[in-house]
Amino acid sequence: MSTLRELNINGMANPDGLDVNACLAADEWINHDHPDIVLKVKELTDGLENDWDKVRAIFNFIRDEIVYNFAPIIESEDDWKASSVLAEKNGMCHQKSNLQVALFRAAGIPAALTYQKIIDHPLMRTRYKEMIPDGILPYHALAAVHVDGHWYRMEATLDSGLCERRGYCLTEVTEGEETILPATKENGDPHFEIIEDHGYFESYPKAFLDNMLGDKDRWKVWRSFVRKEHLSM
């Protein structure tokens, strides 16, 4: 999310303050009442009774089948809708997390969005340092789920193909634990550093949409820069 400037985005500091019922609701962007999402979640969770098994099935689908895209095409608000991301089969962290939350909710599991300011250390050793000199991504997005009375963050951004190509550690679900960005690569080199949490949200903050759509020309420059060598993160 290199084009997002610093915004006044503050959610609930503690996920326990979230309204669990609101975290099951559908809205314009978390549109899990869409027939394609209803069908997909039925396909993913058919025969599964345990919530953790459902979480794992949805997580693995989001991680690997919705391929991470560092610079997707962005033209309208529709590009953030969960149903659109499912149809495109790729997306950046904000798009992937919107679909992830939608699938969790469609499975009857309360889910929310959360955002972090992070440092991606490998970025500082690539051509991306020209546009992200400190490797700082101000609003990395991920999902959180409510299972057995507790909230757990679920980091499913980087797909297994990307991790294998780049030597990144693959995130995986462990029952009763959070899944967050790995601190190191497989070889032990620094990877991600979480430097600030922006809180938890029951719905996607419209300020992100307004910011991105209001700066589409800059996003197009960014996308051209990324696609120059057909690289992702």
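The values are calculated or read from the model by the stated rules, or taken from the named source; none is laboratory data. Bear in mind the structure is a predicted one, so any value in this text is a computation, not a measurement. Because the Cβ atoms are built from the backbone with ideal geometry, glycine has one as well, and the counts that use them run over all protein chains shown. Only protein heavy atoms, including side chains, enter the accessible area calculation; ligands, DNA and RNA are left aside. Shrake-Rupley method; radii C 1.70, N 1.55, O 1.52, S 1.80 Å.
Under unit Cβ charges (Lys, Arg +1; Asp, Glu -1), what dipole magnitude, rounded to 20 debye, does the chain have relative to its Cα centre? Please list the in-between numbers first.
Values: 25 positive and 40 negative charges, 202 e Å.
Once rounded to the nearest 20, the dipole reads 980 debye.
Using only Cα atoms, tell me the angle between helix 35-45 and the longest principal axis of the chain; keep it within 0 to 90° and round to the nearest 10.
Computed tilt is about 80 degrees.
Suppose every Lys and Arg Cβ carries +1 and every Asp and Glu Cβ carries -1, with no other charges. What dipole size does the range 9-132 come out with about its Cα centre, to the nearest 20 debye?
Values: 13 positive and 20 negative charges, 122 e Å.
The dipole magnitude comes to about 580 debye.
What accessible area, in Å² to the nearest ten, does a 1.4 Å probe give for Cys93?
Here the accessible area works out near 10 Å².
I'd like the accessible area for Lys129, computed on protein heavy atoms only with a 1.4 Å probe and all protein chains in place. Round to 10 Å², please.
Lys129 has an accessible surface of roughly 110 Å² with all protein chains in place.
So what's the back-of-envelope 222 nm ellipticity for the chain, counting only DSSP H runs of four-plus at -39500 (n - 2.57) apiece and dividing by all residues, rounded to 500?
Working: 7 runs with 74 residues, N = 233.
The helix-only estimate for the chain comes to -9500 deg cm²/dmol at 222 nm.
Could you pull out the trypsin sites (Lys or Arg not before Pro) across the range 1-109 that fall in loop regions by DSSP (anything but H, G, I, E, B) with no more than 15 other Cβ atoms inside 10 Å? Intermediate results must be reported in sequence, preceding the final value.
Values: sites: Arg5, Lys40, Lys42, Lys54, Arg56, Arg63, Lys81, Lys89, Lys96, Arg105; in loops: Arg5, Lys81, Lys89.
Answer by residue number: Arg5, Lys89.
Any idea which of Leu209, Gly199, Asn187 is furthest toward the positive side of the dipole for the range 179-233, if Lys and Arg beta-carbons carry +1 and Asp and Glu beta-carbons -1?
Final value for the positive-end residue is Leu209.
How far is helix 93-106 tilted, in degrees, relative to the longest principal axis of the Cα atoms in the chain, given as a value from 0 to 90 rounded to the nearest 10?
Roughly 0 degrees, rounded to the nearest 10.
When every alpha-carbon pair in the range 159-211 is counted, what percent end up more than 15 Å apart? Provide the component values of the computation, followed by the final result.
Working: 885 of 1378 pairs.
The share of Cα pairs beyond 15 Å in the range 159-211 comes to 64 percent.
Have a look at Val145, Met124, Thr171 and report the one farthest towards the positive end of the charge dipole of the range 106-203, computed about the Cα centre with Cβ charges (Lys/Arg +1, Asp/Glu -1).
Positive-most Cα among the choices belongs to Met124.
Taking 2.2 N^0.38 Å as the expected size of a compact globular protein, what ratio does the Cα radius of gyration of the range 77-201 give against it, to two decimals? All intermediate terms of the calculation are to be shown ahead of the outcome.
Values: Rg = 14.9 Å, N = 125, 2.2 N^0.38 = 13.8 Å.
It is 1.08.
Looking at Asn69, Leu7, Ala22, which one has the Cα that reaches farthest to the positive end of the dipole of the range 1-105 (charges on Cβ: Lys, Arg +1; Asp, Glu -1)?
Most positive-ward Cα: Asn69.
Running a GNM on the chain with Cα contacts under 10 Å, which residue among Asp159, Asp27, Asp215 ends up with the highest mean-square fluctuation?
Maximum among the listed residues: Asp215.
What is the Rg over Rh value, at two decimals, for the range 119-169, using alpha-carbon atoms and the Kirkwood definition of Rh?
Numbers: Rg = 14.5 Å, Rh = 13.1 Å.
For the range 119-169, the value is 1.10.
Would you kindly work out the equivalent ellipsoid of the chain from its C-alpha gyration tensor and give its semi-axes, the square roots of five times the eigenvalues, largest first in whole Å?
Numbers: eigenvalues 138, 78, 62 Å².
Values for the chain, descending: 26, 20, 18 Å.
Subtract the Cα-Cα distance of Arg165 and Asp46 from 0.36 nm times their separation in residues, and report this length gain in nm to one decimal.
Working: separation 119, 0.36 × 119 = 42.84 nm, distance 3.18 nm.
This chain segment gains 39.7 nm when fully extended.
Pop the C-beta distance of Asn187 and Met131 into the FRET formula with R0 = 30 Å and round what comes out to the nearest 0.05. Mind showing how you got there, number by number?
Values: r = 26 Å, r/R0 = 0.85.
For Asn187 and Met131, the calculated efficiency is 0.75.
So which lysines can Lys220 reach, going by Cα to Cα under 28 Å and dropping same-chain residues fewer than 8 places off?
Candidates past the 8-residue exclusion: Lys81, Lys89, Lys96, Lys117, Lys129, Lys206, Lys228.
For the chain, modelled as a GNM with alpha-carbon contacts under 10 angstrom, which of Ile74, Ile136, Ile180 fluctuates the most?
Ile74
GluC sites (Glu not before Pro), restricted to the range 113-198: which are DSSP loop and have at most 10 other Cβ atoms within 10 Å? Please list the in-between numbers first.
Numbers: sites: Glu130, Glu155, Glu164, Glu172, Glu175, Glu177, Glu178, Glu186, Glu193, Glu196; in loops: Glu155, Glu172, Glu175, Glu177, Glu178, Glu186.
When the GluC sites (Glu not before Pro) of the range 113-198 are filtered for loop state and at most 10 Cβ neighbours within 10 Å, Glu177 remain.
How long are the semi-axes of the equivalent ellipsoid of the range 35-84, defined as square roots of 5 times the Cα gyration tensor eigenvalues? Whole Å, largest first.
Numbers: eigenvalues 127, 36, 11 Å².
With the √(5λ) rule applied to the range 35-84, the semi-axes are 25, 13, 7 Å.
For the chain, find the longest principal axis of its Cα atoms and tell me its angle to the long axis of helix 216-227, 0 to 90°, nearest 10.
Rounded to the nearest ten degrees, it is 80.
With every protein chain left in place and a probe of 1.4 Å, what is the accessible surface of Trp151, to the nearest 10 Å²?
30 Å²
As an exercise, find the ratio Rg/Rh for the range 1-138 from alpha-carbon atoms, using the Kirkwood inverse-distance average for Rh.
On the way: Rg = 16.2 Å, Rh = 16.2 Å.
Reported Rg/Rh, Kirkwood definition of Rh: 0.99.
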